[in-house]
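The values are calculated or read from the model by the stated rules, or taken from the named source; none is laboratory data. A quick note: this is a predicted structure, and the numbers were derived from the prediction, not measured. As a convention, Cβ positions derive from the backbone with ideal geometry for all residues, glycine included, and neighbour counts pool all protein chains shown. Side chains included, ligands, DNA and RNA excluded: accessible areas come from the protein's heavy atoms. Shrake-Rupley method; radii C 1.70, N 1.55, O 1.52, S 1.80 Å.
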Amino acid sequence: MNIVLLGAPGAGKGTQADLLSAYLQVPHVATGDLFREALRNNTCLGQQAKEYMDRGELVPDSITVAMVRERLAQPDCARGVILDGFPRTIEQAEALDALLSELDRQLDLVVFIRVRPEVLVERLSGRWICHDCQGVYHTLFNPPEVPGVCDACDGELFQRVDDRPETQRYRIEVYLRQTAPLVEWYRERGLLVEVDGEREIDRIQEDLREAVARVRAAG
Ligand code: AP5
């Protein structure tokens, strides 16, 4: 299955994508993670992306789409993929349709995780991420067993540069302006399922799995 998780910064896309990826045994492909990995590896792509990411702006579509094309063509994506943070513009959504059709595949489901802006700020402010496995934690809502250390791999936890308060607010504005229109775009195409993202992590995951089951049953 090819699934897109849509939602504002801090809505819980990464958290839910990790769980769904383990359940469906298909890779979790997050464009933000791909850019951050490129930056860690000091590649040209990473350097190009950094200036946009640090400001909270979107990386240009041409760069982003080329990176996703390369990732989707890798063998582990052949059985399907969970896309997190892509597409983020109508142009990227059109490019995704074209990429999937080149691979003789199609998009099966788009899940919009709905969360109010005031809750997003609280989530981004308390977020910690593992340097090694990218596991996501929250000081209050999903704390690690040992502060500063990843439960899964013992990696060191850090806070993202773009989670600073002024950049957070700007990222939410960018989302409302450039990405939120995708909700109606996908609804019109009959692909959208909307879930309330302000509940327990496990409860939201149940909704996602039910949505997947409904698509499978219909197919
Ligand atoms: P990206 O890395 O994609 O960031 P984002 O979309 O802003 O999303 P986040 O990772 O901030 O949030 P999330 O929804 O995954 O929430 P999470 O699960 O972590 O993008 C970063 C930058 O890269 C962009 O600004 C842009 O520059 C660039 N970029 C990326 N993709 C691009 C694209 N396609 N085009 C152009 N540029 C692109 O959860 C947040 C916190 O809440 C965590 O602490 C978590 O533990 C907690 N939490 C999660 N669920 C719950 C819950 N139900 N209850 C309580 N707490 C919860």
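Of the residues screened, V26 is not one that is under 17 Å from the mean Cα position of the chain (by Cα), within 14 Å of the ligand (Cβ to nearest atom) and either in contact (Cβ under 8 Å) with a residue 12 or more places away in the chain or crowded, with 16+ Cβ neighbours inside 10 Å (or both).
When L124, L120, L140 are screened for being within 14 Å of the ligand (Cβ to nearest atom) and open to solvent by 50 Å² or more (accessible area, probe 1.4 Å), only L140 passes. Any residue at all in segment 166-179 that's open to solvent by less than 60 Å² (accessible area, probe 1.4 Å), at pLDDT below 95, farther than 15 Å from A11 by Cα and in contact with a helix residue (DSSP H, G or I) (Cβ under 6 Å, 6 or more places away or on another chain)? Checked against the condition, which is being open to solvent by less than 60 Å² (accessible area, probe 1.4 Å), at pLDDT below 95, farther than 15 Å from A11 by Cα and in contact with a helix residue (DSSP H, G or I) (Cβ under 6 Å, 6 or more places away or on another chain), segment 166-179 yields no hits at all. Against the list (1) on the phi > 0 side of the Ramachandran plot; (2) at pLDDT below 95, the condition G148 fails is (2).
When segment 55-82 is filtered for residues that are under 22 Å from R160 (Cα atoms) and either open to solvent by 50 Å² or more (accessible area, probe 1.4 Å) or basic (K, R) (or both), the ones remaining, listed by number, are R55, E57.
Selection of first residues in segment 144-160 that are without any contact (Cβ under 8 Å) to a residue 60 or more places away in the chain and of second residues that are small (G, A, S) and open to solvent by less than 50 Å² (accessible area, probe 1.4 Å), restricted to Cβ pairs under 8 Å at least 6 apart or on distinct chains, gives the following pairs, ordered by first then second residue: V149/G155; C150/G135; D151/G135; A152/G135; C153/G135; G155/G135; E156/G148; L157/G148.
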